[in-house]
Amino acid sequence: MAARSAGDVIVAVDGLRRSFGDTVVLDGASLTVAKGEVVALLGGSGSGKSTLLRALAGLDPDATGRVTVPSDYGVVFQEHRLLPWKRVADNVALGLPGADARGRAVAALTEVGLGDRGGAWPAELSGGQAQRVAVARALVREPSLLLLDEPFGALDALTRLRMQQLLERLRTRHGFAALLVTHDVDEALILADRALVLEGGRIAEELPITLPRPRHQDDPGFGGLRRHLLDRLGVPAS
């Protein structure tokens, strides 16, 4: 792995292990994420991507190893996980301290383009809108780190592109770091500063992505990186 200054590192994982019965999913995985950096975590189905992210989020007490993450992190899952009995603004403000919690929630909703939907019920939202609410719920706490577990995987292709653009704008505006679990190579190349490939329970490859932003699939160099990652993931070129 590339060396980084200790002062720049916001996430440090060393020797992370997790087994389910006799099946070893993580076998000493190690990685870092620097302040303001977006790192994409790729791997085949069952490679342990979500397991690793859950360990970082403190949701898997049976994982072992050294894990350091900032206390002010936010998590966005593939499912929006909104409480159906609470209105949208109340979902965003849930657990938020301070008398201005609702005002902050509305401000976060405005940032994701839903400032006028605070009074709606989750059932009244489209899938893309619900996922934007989930992003607002993570952002309202002004995290230094976002942990994203395939957050756009359940969306249609057009909505997914819009959500990717939204995440890029928000990252530019707020400067948070992010660890993005994704099965989509194009998504990794569009959003990330580095792509990590998880294989055999460890980080098998690290690929810096130095393409200028904003990125597009027809940019020079995009295709070569895409072919490299697909080959690394065992997907033959078409």
Exercise for the section: Kindly indicate which of Leu42, Leu83 is out of contact with any Lys or Arg (no Cβ under 6 Å at 6 or more places or on another chain), at pLDDT 95 or above, closer than 23 Å to Arg194 by Cβ and open to solvent by less than 60 Å² (accessible area, probe 1.4 Å). Expected result: Leu42
Exercise for the section: Evaluate region 70-77: report whether one residue or more is in contact with a Ser or Thr (Cβ under 8 Å, 6 or more places away or on another chain), charged (D, E, K, R), part of a strand (DSSP E or B) and in contact (Cβ under 8 Å) with a residue 40 or more places away in the chain. Expected result: no
Handout entry: Qualifying residue in region 94-109 (condition: under 17 Å from the mean Cα position of the chain (by Cα) and either under 30 Å from Thr210 (Cβ atoms) or modelled with pLDDT of 95 or more (or both))
Key = no
Exercise for the section: Output the residues belonging to region 187-200 that are out of contact with any Pro (no Cβ under 9 Å at 6 or more places or on another chain), open to solvent by less than 40 Å² (accessible area, probe 1.4 Å) and either under 23 Å from Gly175 (Cβ atoms) or modelled with pLDDT under 95 (or both). Expected result: Glu187, Ala188, Leu189, Leu191, Ala192, Leu196
Completion exercise
Checked against (1) open to solvent by 20 Å² or more (accessible area, probe 1.4 Å); (2) aliphatic (A, V, I, L, M); (3) assigned to a helix (DSSP H, G or I), Leu166 satisfies every condition except (1)
Exercise for the section: Considering every residue within region 46-57, establish whether at least one is modelled with pLDDT of 95 or more, in contact with a Lys or Arg (Cβ under 8 Å, 6 or more places away or on another chain) and more than 17 Å from Leu148 (Cα to Cα). Expected result: no
Fill in the blank from the handout: Across region 201-224, the tally of residues that are in contact (Cβ under 8 Å) with a residue 60 or more places away in the chain and open to solvent by 70 Å² or more (accessible area, probe 1.4 Å) stands at 2
Completion exercise
Taking region 225-238 and keeping residues among the basic types (Lys, Arg) and surrounded by 15 or more Cβ atoms within 10 Å (Cβ to Cβ) leaves Arg226, Arg232
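The values are calculated or read from the model by the stated rules, or taken from the named source; none is laboratory data. As the structure is a prediction and not an experimental result, all values here were calculated from the model. Because the Cβ atoms are built from the backbone with ideal geometry, glycine has one as well, and the counts that use them run over all protein chains shown. Calculation scope for accessible area: heavy atoms of the full protein, side chains included, ligands and nucleic acids excluded. Shrake-Rupley method; radii C 1.70, N 1.55, O 1.52, S 1.80 Å.
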